[in-house]
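Below is one structure, written out as structure tokens; the observations come after it.
Nothing in this text is a laboratory measurement; each read-out follows from the coordinates by a stated rule. Predicted model, so just to flag it, every value in this text is computed and none were measured. We place every Cβ from the backbone using ideal geometry, glycine too, and count neighbours over all the protein chains shown.
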Amino acid sequence: MREDLVGRALLAAGVALVPWLAVLCTTLPDAYPAQHWRVAWVGFDALEIAGLLTSAVLVRRSDHRAPLASIATAVLLLVDAWFDVVTAGRDVVFPLALACTLELPLAILCAVAALRPPGVASVQPAVVQRAAVHV
């Protein structure tokens, strides 16, 4: 029951945001002078560092929370790459290179870590075959 309610709420929120996306697309200016730009980016990069370090510790410990930390960190890295590239203007070469060589590969690594729950990768094929024989 609870999962159904949460699922419906998430579906409603996703559908409700579609018209909002159209509003943003038609009303936002192409450029806007941002306040606290440095604080925003330093804080965001600090979150990435915290996510990478937390993921590293949890993965190494085979902690069941490792996938959550890893996928959250992957999302942060994807968002960072996106905003670095789209806000770069004419100076897009360095942000694009950074995204392709660092942020996106790290995001992929985090996603792989998130999709391989602790302990799953350590199962050897021979063990799986022996287990299948006994089933």
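Quick rundown of the values:
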item: Helical mean residue ellipticity (222 nm; -39500 (n - 2.57) per DSSP H run of 4+; nearest 500) of the chain; result: -24000 deg cm²/dmol
item: Pair TRP82, LEU68: separation of 7 Å Cα→Cβ label points (nm); result: 2.3 nm
item: Of LEU11, LEU98, LEU77, the one that fluctuates the most in a GNM where the chain has Cα springs shorter than 10 Å; result: LEU11
item: Spin-label zone in the range 81-95 - amide nitrogen under 11 Å from a point set 7 Å from the Cα of TRP41 along the C-beta vector; result: 84-85, 87-89, 95
item: In Å, descending, principal axis extents of the Cα set of the range 36-119; result: 46, 25, 13
